[in-house]
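The values are calculated or read from the model by the stated rules, or taken from the named source; none is laboratory data. No experiment lies behind these values; they were computed from the predicted model shown. All Cβ positions, glycine included, derive from the backbone under ideal geometry; neighbour counts span all protein chains shown.
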Amino acid sequence: MNTFKKILASFVITAASSSAFAVANPTYEDVKVAIDTTLAKVEEAITALNNGTDNEAVGKIVSDARQTQKDIANNVLDVKRNRASGVLNQARNALKNNDVQAAKESLTDAANRYKEIQQIYASSH
């Protein structure tokens, strides 16, 4: 009987702790907002770069976009999101190296990738 109580107690503790740390799946609206916000940040970075904003400020906008894109939690989009994130990283590195042309090209590529993600997500929901 004592062994049974120990097993039961460990089961209850395990069940309680796993449900306490469970993360709810993001809703359609959560993912949609994350996609829209990320795309807006990328477009903001493009506009800032075209307007002659200094590289450090544009890099901050790109970093914000990279943080926001992490909320795009959808199994179908994960590979595309990761690739688009890599392009944002290329843009940020180009800005650090004062290569404005490469940064513009990377940001344009990233914007197109996030638009594609937006279309895929909208068509599947």
In region 52-74, is there at least one residue being within 27 Å of residue 26 (Cβ to Cβ) and loosely packed, with under 13 Cβ neighbours inside 10 Å? yes
From the option list 98, 55, single residue qualifying as on the phi < 0 side of the Ramachandran plot and without any contact (Cβ under 8 Å) to a residue 60 or more places away in the chain is 55
Test result for residue 72, under 19 Å from residue 116 (Cα atoms), free of Cβ contacts under 8 Å to residues at least 60 places away in the same chain and either more than 11 Å from the chain's Cα centre (by Cα) or part of a loop (DSSP other than H, G, I, E, B) (or both)
yes
Subset of region 10-24, residues surrounded by 10 or more Cβ atoms within 10 Å (Cβ to Cβ) and either at pLDDT 95 or above or of a type in the set (S, T, N, Q) (or both), comes to 10, 14, 17
Cβ pairs under 9 Å, 6+ apart or interchain, first in region 104-125 and touching a residue at least 24 places away in the same chain (Cβ under 8 Å), second aromatic (Phe, Trp, Tyr), ordered by first then second residue, are 121/28; 125/28
